[in-house]
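Here is the structure we will look at, set down as C-alpha cells.
The values are calculated or read from the model by the stated rules, or taken from the named source; none is laboratory data. Just so we're clear, the structure is a prediction, and the values are computed from it rather than from any experiment. Every residue, glycine among them, receives a Cβ derived from its backbone with ideal geometry; neighbour counts consider all protein chains shown.
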Amino acid sequence: MTKRFDKRSIQHRSNPINREIDIDRDLRSYMIRVYMYMACGMGLTGLVAFYTASSPAMMVTIFTSPLKWVVMLAPIGMVFFLSSRIGVLSFSSAQILFWIYAGLMGLSLSTIFLVFTGESIARLFFITASIFAVMSLYGYSTRKDLSEMGSFLMMGVLGLVIASLVNLFFQSSAMQMIISSIGVLVFTGLTAYDVQQIKESYFESDTADISGKKAILGALQLYLDFINLFISLLQLSNDRR
C-alpha cells in the first residue's frame, strides 16, 4: 500500500502539468502574503495618522519641535536601510522595521487631516485603491516585459525628487501641480512594474526566511507606490479646508 502511494506521489510531482499547477498555487499564496503585509502597513499608517491628527497636544508636540524632522526624515532613512540590509536582517527584524516605518509614516501623514477634508481623503483613497488594483492585476497577468518601462519610470522618480526639492524654495503652485500630475502617471506605471518584479523574484526553492524577507520588501515597494500615488492625487485636489 505504501509503495503504491509513493509511486503516485512521484508521478504527481514529475507530471509537468501538476508541477505547473503547484508552482502557480504557491506563487499566488506568496503574492497574497505580500499584499497582506502591505494592507496591514497601510492600516497601521491610517490609524496612527488619524489618532495623531485627532490629538492637538500630539500635533503641537511633534510639529512645533525638532521632532518634526525625525518624523519627516526617519521614514526615508528606513526605506534605504531596509532595502540595502534586507539580505543580512533576520525575518523578524525586517518585520519589526516595516511596522515601525508604517507607524512613522502615519505620524508624517497626520497633517493631511488638517489640510484636506475627510470626504476628499476618503474619496481619493478609494480612487487610489481602484487604480492600484487595476495596475496590480495588469502587472501580474501581462506577458509583456515591463523592464524598459521600469527604467524610464525610475528616472521619472528621480526627476520628481529633484523638482520637489527645487520647489521647496520657489513654492510655485503651478510647478506643484505639474509635479503631482507627473507623479500620478509615474506611480501608476510603477505599480504594474513592481508587481511584475515581485512576481518574478519568487522562487519555489527559497527558504521560509528568504521568502518572508522578500515578501516584506515587496510589500514595502507596493506601499510606496500606493502612498505616493495617493499623495499626488491629494495635491491635485481642490477640496482643502
Among (1) surrounded by 14 or more Cβ atoms within 10 Å (Cβ to Cβ); (2) within 15 Å of I179 (Cα to Cα), the one test that F116 misses = (2)
Inside the range 28-65, can you point out the residues that are of a type in the set (G, A, S) and outside any helix (DSSP H, G or I)?
-> S54, S55, S65
Residues located in the range 20-55, provided they are of a type in the set (A, V, I, L, M), farther than 15 Å from S108 by Cβ and surrounded by 14 or more Cβ atoms within 10 Å (Cβ to Cβ) = L27, M31, V34, M38, A39
Scan the range 131-146 and give yes if some residue there is under 30 Å from M58 (Cβ atoms) and either surrounded by fewer than 17 Cβ atoms within 10 Å (Cβ to Cβ) or in contact with an Asp or Glu (Cβ under 9 Å, 6 or more places away or on another chain) (or both), otherwise no.
-> yes
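Which residue out of V161, V195, V186, V157 is modelled with pLDDT under 95, among the hydrophobic types (A, V, I, L, M, F, W, C), on the phi < 0 side of the Ramachandran plot and in contact with a helix residue (DSSP H, G or I) (Cβ under 8 Å, 6 or more places away or on another chain)?
Among V161, V195, V186, V157, only V157 is modelled with pLDDT under 95, among the hydrophobic types (A, V, I, L, M, F, W, C), on the phi < 0 side of the Ramachandran plot and in contact with a helix residue (DSSP H, G or I) (Cβ under 8 Å, 6 or more places away or on another chain).
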If you go through the range 102-140, how many residues are at pLDDT 95 or above, of a type in the set (S, T, Y) and within 18 Å of T45 (Cβ to Cβ)?
-> 1
Answer yes if at least one residue in the range 96-107 is surrounded by fewer than 14 Cβ atoms within 10 Å (Cβ to Cβ) and in contact with a strand residue (DSSP E or B) (Cβ under 9 Å, 6 or more places away or on another chain), and no otherwise.
-> no
Taking interchain pairs and intrachain pairs at least six residues apart, which have beta carbon atoms under 8 angstrom, with the first residue in the range 56-75 and surrounded by 13 or more Cβ atoms within 10 Å (Cβ to Cβ) and the second among the small types (G, A, S) and part of a helix (DSSP H, G or I)?
-> M59/A53; V71/S108; M72/S108; P75/S108
